[in-house]
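Participant: Handing you a structure now.
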Amino acid sequence: NEPQREAVLTIDGPLLVLAGAGTGKTACLTARLAHLIWTRKAWPSEILAVTFTNKAAGVMRDRIAEQLGEDPRGLWVGTFHSICARLLRREGDLTPRGSRFTIYDEDDARRALKRAMEEVDLDPSRWAPNALRARISDAKNALVGPEEYTEQAFDLMSRAVAKVYPAYEKILVRSNAYDFDDLLVHTVRLLEDQADVGQRYAERFVHVLVDEYQDTNHAQYRIIRRLAEGHRNVCVVGDDDQSIYGWRGADVRNILDFERDFGGAAVVRLEENYRSTPSILEVANAVISHNRSRKEKRLRTARPAGEPVSVMRFADERAEAAWVVGELDRGVGGFRPDEAVILYR
């Protein structure tokens, strides 16, 4: 549709694509990437595309190859963590742990934390290792190191974290390892502290594209800001109304403040939904309109009206389950219970 076409063809300067649910965001992103390569606006090696899952990165690369008729060799496409690992290995001579580091997964990181707790005499029966690990992860994603964290530790939990955080870091250094959060932290340091390195990559990536921008945390935001400084051809795609990951460090202000961070940014709204019926979108729009901080948009669709939406309230999950079973037994919708599926989150 026309807004999608505008998002594909607006290639010079910063661009914010506000893509509502079911509006063909992935198709738009891949078409934009293919267009950049096909029209020689940039070589694949001059393009960085950041996604939030390895699967999404694979799908994007496959679709681009299908549209171009060949694999876009040299294209940097991947998750934040995979891109950061690639940068840290390429520039290992300039980093404390070199290029032959180990990456700790969550199980490795949890074991390292338990060793750190033993070293500083923190009782795991009193202090849950997962809770301590989560606090350290939050601190790293906010680029808060052990010393700064200690200065801000005023309650009991924070003091426990301040005690184990430095010990945990020492274990990582001894093992020449990064945890997932370190990949972001040390990439920020590499790009910002090594000015020539940051400048080199900012000049290399003529176009930077970021998917699910509403779910970026502070460290990810700093990485994108640095890499986009060279050419300012940065396109971010996201939906502030779908920003639900604040509990894991996502900061919705990154997308809300994009136009302030990148002056003169163009804004394209993808509002035509291809997934849902008008009756569903009407309810969704009504609920979403109560968000206090949001970019204005309203989802719409050309599909038939569909079944009206029912809103039910229950005392607990047992009452909810009983109602669902009752509806199935009554044959609501004209189908048998063995033809029904129940999805829950």
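The values are calculated or read from the model by the stated rules, or taken from the named source; none is laboratory data. The structure presented is a predicted model; accordingly, all values stated were derived computationally and were not measured. Using ideal geometry, Cβ is built from the backbone for each residue, glycine included, and neighbour counts are taken over all protein chains shown. Note: accessible area is taken over every heavy atom of the protein model, side chains too, but ligands, DNA and RNA are not part of it. Shrake-Rupley method; radii C 1.70, N 1.55, O 1.52, S 1.80 Å.
Participant: Which value, to two decimals, describes the C-alpha radius of gyration of segment 109-225 once divided by 2.2 N^0.38 Å?
Facilitator: 1.21
Participant: If you don't mind, another one. With n ≥ 4 as the cut-off for DSSP H runs, can you work out [θ] at 222 nm for the chain, using -39500 (n - 2.57) per run divided by the number of residues, rounded to the nearest 500?
Facilitator: -14500 deg cm²/dmol
Participant: Continuing with the same structure: Please list L343, L88 in order of solvent-accessible area, largest first, computed with a 1.4 Å probe with all protein chains present.
Facilitator: Highest to lowest solvent-accessible surface, that is L343, L88.
Participant: Let me ask you something else. Which order do I223, I244 take when ranked by solvent-accessible area (1.4 Å probe, heavy atoms of all protein chains), largest first?
Facilitator: Heavy-atom accessible area, descending, gives I244, I223.
Participant: Still on this structure: Quick check on my link table: of K25/K297; K140/K295; K25/K55, which ones sit more than 19 Å apart, alpha carbon to alpha carbon?
Facilitator: K140/K295
Participant: Hey, any idea what % of segment 189-345's accessible area is carbon plus sulfur with a 1.4 Å probe?
Facilitator: Of the solvent-accessible surface of segment 189-345, carbon and sulfur hold 50 percent.
Participant: Over the chain, what relative contact order in percent results from Cα pairs under 8 Å that are six or more residues apart?
Facilitator: 23
Participant: Measuring with a 1.4 Å probe in the full set of protein chains, what accessible area per residue, in whole Å², belongs to the chain?
Facilitator: I get 54 Å² per residue for the chain.
Participant: Which order do D257, D12, D316 take by accessible area at a 1.4 Å probe, largest first?
Facilitator: The residues order as D12, D316, D257, largest area first.
Participant: Taking a ≥ b ≥ c as the square roots of the eigenvalues of the Cα gyration tensor of segment 272-339, is the shape rounded (a/c under 1.5), prolate (a/b larger than b/c) or oblate?
Facilitator: Cα axes put segment 272-339 in the oblate bin.
Participant: For segment 152-158, what does the Karplus curve 6.51 cos²θ - 1.76 cosθ + 1.60, with θ = phi - 60°, yield as ³J(HN,Hα) per residue in whole Hz, taken in order and with x for Gly and Pro?
Facilitator: Whole-Hz 3J(HN,Hα) from phi for segment 152-158: 9, 8, 10, 9, 4, 5, 5.
Participant: Could you please report the charge total around W43, scoring K, R as +1 and D, E as -1 over all other residues with beta-carbon less than 13 angstrom from its beta-carbon?
Facilitator: +3
Participant: Convert each backbone phi in segment 105-116 into a coupling constant with the Karplus relation 6.51 cos²θ - 1.76 cosθ + 1.60 (shift: θ = phi - 60°), then list the ³J(HN,Hα) values in order as whole Hz, x for Gly and Pro.
Facilitator: 7, 5, 5, 4, 5, 5, 5, 5, 5, 5, 5, 5
Participant: Across 10 Å bins from the origin, how do the percents of Cα pairs in the chain run, short distances first?
Facilitator: 5, 20, 26, 23, 17, 8, 1
Participant: Could you check how much of the accessible area of segment 48-143 is carbon and sulfur, as a whole percent, using a 1.4 Å probe?
Facilitator: It is 45 percent, rounded to a whole number.
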